Amino acid sequence: MGDVEFGTLNRDGTVTNVRFIKQSDIMKCPLCIMVPEHYKTDGTCLCFDKGEQDRIRAERLARRAKTLAAIERQKARK
Ligand SMILES: [Zn+2]
């Protein structure tokens, strides 16, 4: 299995922030996320990182609370 190269293509044609991720590491991700930041240097991805998952869960709950509050405001207006 080969590596997948990620990088930033600049306007002048140069490529910076080059990073190689093993194709086998990407295949291990249950969501096959094609974002280099998603992969840690040990080959695991953030799907298996407890800190990252806790952060995502907290964000989701905060968004839900915000949506429910907006719905309540709508109801109060009627
Ligand atoms: Zn993942």
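Just so you know, all these numbers are worked out from the coordinates, no wet-lab data involved. Values in this document were obtained by computation on a predicted structure and should not be read as measured data. When we count neighbours, we look across all protein chains shown, and the Cβ atoms used for this are built from the backbone with ideal geometry, even at glycine.
Multiplying the residue separation of PHE48 and LYS28 by 0.36 nm and subtracting their alpha-carbon distance yields 6.2 nm. Listed as lacking a disulfide-compatible partner in the chain: CYS32, CYS47, by the criterion of no other cysteine Cβ under 4.7 Å.
How large is ³J(HN,Hα) for each residue in the range 31-46, as worked out from phi by the Karplus curve 6.51 cos²θ - 1.76 cosθ + 1.60 (θ = phi - 60°), to whole Hz, x for Gly and Pro? Using θ = phi - 60°, the values come out as 9, 6, 6, 9, 10, x, 5, 6, 9, 8, 5, 7, x, 8, 10, 5 Hz.
Computed as a quarter of the hull surface, the mean projected area of the alpha carbon convex hull for the range 3-77 stands at 8.0 nm².
With contacts taken as Cα pairs under 8 Å at a separation of at least 6 residues, the chain carries a relative contact order of 18 percent.
Look at the dipole of the range 3-77 built from charges on Cβ: of LEU61, VAL15, ILE71, the Cα furthest out on the positive end belongs to ILE71. Karplus-based coupling profile of the range 59-76, in residue order and whole Hz: 4, 5, 5, 5, 5, 5, 4, 5, 5, 5, 5, 5, 5, 4, 5, 4, 4, 5, with θ = phi - 60° in 6.51 cos²θ - 1.76 cosθ + 1.60 and x standing for Gly or Pro.
Stretched out straight at 0.36 nm per residue, the stretch from LYS75 to ASP3 would grow longer than its current Cα-Cα span by 20.6 nm.
If you place +1 on the Cβ of every Lys and Arg and -1 on the Cβ of every Asp and Glu, how big does the dipole about the Cα centre of the chain come out, in debye to the nearest 20? Walk me through the numbers on the way to the answer.
On the way: 16 positive and 11 negative charges, 197 e Å.
Around 940 debye, computed over the chain.
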